[in-house]
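The values are calculated or read from the model by the stated rules, or taken from the named source; none is laboratory data. Keep in mind it's a predicted model, so treat the numbers as computed, not measured. In this analysis, Cβ positions are derived from the backbone assuming ideal geometry, glycine residues included, and neighbour counts consider all displayed protein chains. The area values use the complete protein model at the heavy-atom level, side chains included, leaving out ligands, DNA and RNA. Shrake-Rupley method; radii C 1.70, N 1.55, O 1.52, S 1.80 Å.
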Amino acid sequence: MKIDELLKKEIDEQMEKIQAPSSMYEFAKNIKEESEKRADYEKSTRKKRGWRKSQFVIAAVISLGVLIGSAFLNPAMAEVMSKIPYLGQVFHKPIQVVISETLEKEGYKPNGIGMGIWGQKALFNIRLKGTEEYVKQEEDKVLRILTETLEKRGYDNYELRVSSDTNEVSPKLNEIEKQREELGEKLMSDLQEAGYPIMNVNAYSPVVSVYIPITDEAKKVEIYKAAIELLKANETPKQVQVITRDLSEEEIESRWMPVMSSIEEGLFLKKEYKVADIRYSYKPEKVSITIMTNMKSSDPEIKEIVTKIRKEITEFLDSEEVKRMTENQKYELIIQDKNGNDFP
């Protein structure tokens, strides 16, 4: 029996012993209800498929969150978890979930946890419910709690920012956002009713973006003209750009997104990997992952670091769980120095 199968068997046995809190089931129930409403609301077949996938991912995070949390209480479970490769553990318990749970345990009410890369460092923006005065008063304590949490996970390449979520957005801005959302929805609906294969419409920017599957140039021009005329008819003349996307690539990206998020978290949040950027290419024949480091080819520790990065990623991507999620699609891993040269 393979290691992954043995591991799955042990996890299944331990999962049967775990009593999840009733609030977790209520949360899962709410997710299901919200997803059903969203599915009714979305008119695009592709979007419906995408939403169902994200519903599955959310459900998986909930169940695996219970699994990982139990490891701290159950010695047998802790032993099982120790067998999961580093990136696999990140995959099961994303850092945003860890931060949210930690804050809630301490009595805070997080209302948004954003993570981005800024200057080769992960930047967390944590928004808390409460007045600016309250958040300012609690800021040092929150930063100390989260620093300890991230350090326990082995992360040392990040910056934390805490802000209040006072919901003090001007009515005018809310109205503008609502108008742009409605404009995008109407344009997408009108174009689809006219028989055009529209994937998505983004009307939030000054230039309206209309996304369509790859097609011939004549059809692209036809859709552009139709969009311009529909906007004029609605007394909302705006610039339009028609962007073609390969539908198969959209589906592939949707499957791989949780996997790529885990790779980004696991590599960006540790200084030892010296990662500057991560880029992806989603093609039906192969997914390409390019890790760009900030190292020179002449750096003495280069071989050790590149070997470790390659080992962490390949162990993760070759695990049975990830292969099931990505439908065992082929991939290539490219690691580069700071000048863009590939390491062997």
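Listed values, structure above:
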item	result
Efficiency of FRET between residue 101 and residue 161 - r from beta-carbon atoms, R0 25 angstrom, step 0.05	0.80
Listed residue (243, 226, 275) projecting farthest to the positive dipole end of segment 209-284, Cβ model	275
Ordering of 325-331, 310-316 by burial proxy (mean other Cβ atoms within 10 Å per residue, highest first)	310-316, 325-331
Segment residue 327-residue 296, length gained on full extension (0.36 nm per residue, minus Cα span)	7.6 nm
Difference of contour (0.36 nm per residue) and Cα-Cα distance, residue 86 to residue 260	61.2 nm
Nitroxide proxy distance, nm - points 7 Å out along Cα→Cβ at residue 281 and residue 149	3.8
Cross-link table 271/308; 93/136; 109/271; 271/330; 283/303; 152/323, entries beyond 25 Å C-alpha to C-alpha	93/136; 109/271; 271/330; 283/303; 152/323
For segment 103-203: accessible area per residue (Å², 1.4 Å)	63
Calculated FRET value between residue 334 and residue 225, using beta carbons and R₀ = 45 Å, to 0.05	0.65
Dipole moment magnitude, nearest 20 debye, segment 222-344 about Cα centre, only Lys, Arg, Asp, Glu C-beta charged	300
Computed FRET value (nearest 0.05) for residue 136 with residue 179, which takes r as the C-beta separation and R₀ as 35 Å	0.55
